[in-house]
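All of the numbers you see were taken from the coordinates with simple rules; none came from a lab. Keep in mind the model is a prediction, meaning the values are calculated, not measured. Methodologically, a virtual Cβ is constructed for each residue, glycine included, from the backbone with ideal geometry; neighbour enumeration extends over all protein chains shown.
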Amino acid sequence: MRLRHIEVFEAIRQAGSLTQAAALLNISQPAASKILAHAESQLGFKLFDRVKGRLVPTREADILAPQIAQLSQDLSHVNRLATSLKQGQRAHLRIGCVPAVGLGLLPMAMQRFYQTSHASFKVSTLHSPELVAGLHTRELDVAITFDAGNHPGIKRMQVGMTELVYLSRGAIPDPVSLSQLAARPFIVPDPRDQVGVQVEQALEKAGIQASTRIKVQTHYVACSLVDAGCGDALVDSLTARAMVKPGMSLSRLDPGIAIPIHVMVHATDSLSLLHHDFIDSLIEACQRLAPWPGAPASSARI
């Protein structure tokens with residue numbers, strides 16, 4: 001199969017018709033039909049059957065599909081890499097991060113990097129599953145997350161560490177143990193989130209049946225709810241320090257609950273000097289905000 005065959009094959013699989021596939025590829029319907037016929041002639045078997053007005057992949061096409069999808073991704077990567085090389089000093093970096101990182105850590109990392117680089121940037125704030133999806137679809141070049149899970153096709157490295165802190169509108173000791181907070185109403189991260197899982201495990205380990213009437217996806221929403229008097233919250237230190245207001249108390253936990261900060265990239269991507277410089281800036285910002293023993297000294301391991 002030729003590259004043009006692969007493009008038409010993938011477009012038809014996505015669109016379900018020659019007309020819509022041709023529109024996706026910005027070619028005429030007869031041209032798409034001719035390319036499909038040529039591909040089937042070379043292969044010696046049909047790739048699609050017409051069922052109720054739609055083109056449905058044949059058994060042979062379904063078998064070929066995973067390999068063709070990989071070739072299509074590789075072609076997309078080559079085109080993106082070529083575009084990046086063509087841009088030279090005007091290289092573009094698409095950064096995704098969880099909202100908590102976008103409040104304090106990312107601006108600090110970007111401050112130095114923006115001043116010393118001629119690159120342009122696009123920053124997206126997304127939750128961890130969306131960041132992984134963005135890397136898979138090549139809509140993101142780099143993702144910054146609290147997610148420590150292993151994802152197929154994704155490489156990750158730890159660049160820093162933050163911690164959970166306790167935020168309240170009342171006076172509380174610093175540091176404070178979870179057992180001292182058992183009677184207070186909690187606002188906690190969604191348990192489907194990596195940090196939410198750690199909160200649930202910490203409360204269970206401490207034997208606390210906390211009143212968790214409110215669960216939130218984003219830590220800055222939790223901080224805003226504390227400010228509105230809706231209860232106390234366990235949130236990451238980066239967000240809490242960025243959003244703490246007069247009249248609010250911020251206390252560290254004893255024992256502390258560490259939250260690793262990771263950078264993720266697509267496993268097949270060849271990282272440019274721009275990628276490495278940005279990751280180094282991120283590591284420096286992590287060390288300035290929340291230093292911890294054994295912090296990585298460079299981004300060479302990703």
For residue 34, go through the lysines and keep the ones whose alpha-carbon is under 18 Å away, minus same-chain ones fewer than eight residues off.
46
5 Å is the cut-off here: which amide hydrogens, built 1.01 Å from N in the peptide plane, fall below it relative to residue 93, excluding neighbours closer than 5 in sequence?
120, 121, 122
The long-range amide H neighbours of residue 17, using H built 1.01 Å from N in the peptide plane and a cut-off of under 5 Å, are 55
By a straight-distance test (C-alpha under 18 Å), which aspartates and glutamates pair with residue 215 as possible cross-link partners, with residues fewer than eight away in the same chain excluded?
190, 193, 200, 204, 227, 232, 236
Ordered by residue, what ³J(HN,Hα) values in Hz, to whole numbers, does the range 259-271 give under the Karplus form 6.51 cos²θ - 1.76 cosθ + 1.60, where θ = phi - 60° and Gly and Pro are x?
10, x, 10, 10, 9, 10, 9, 5, 4, 8, 6, 8, 6
Could you point to the label whose value was computed as Cα extents along the principal axes in Å for the structure here, given (1) 61, 60, 40; (2) 76, 47, 30; (3) 64, 44, 38?
(2)
Expected vector for the range 29-36, Karplus 3J(HN,Hα) from phi with 6.51, -1.76, 1.60 and θ = phi - 60°, integer Hz, x for Gly and Pro, equals 5, x, 5, 5, 4, 5, 5, 4
Taking N as the residue count of the range 162-258, its alpha carbon Rg divided by 2.2 N^0.38 Å gives 0.93
Projecting the Cα atoms of 239, 228, 255 onto the charge dipole of the range 162-258, where Lys and Arg contribute +1 and Asp and Glu -1 at Cβ, the residue farthest towards the positive end is 228
State the Kirkwood hydrodynamic radius of the range 3-87 in Å, one decimal place, computed from all pairs of distinct Cα atoms.
13.5 Å
The range 3-45 to the range 118-171: how many Å between their Cα centroids?
37 Å
Distant-in-sequence amide H partners of residue 159 (H built 1.01 Å from N, under 5 Å):
261, 262, 263
Rounded to whole Hz, the Karplus (6.51, -1.76, 1.60) HN-Hα couplings of the range 161-176, x for glycine and proline:
8, 10, 8, 7, 10, 10, 10, 8, 8, x, 7, 9, x, 9, x, 9
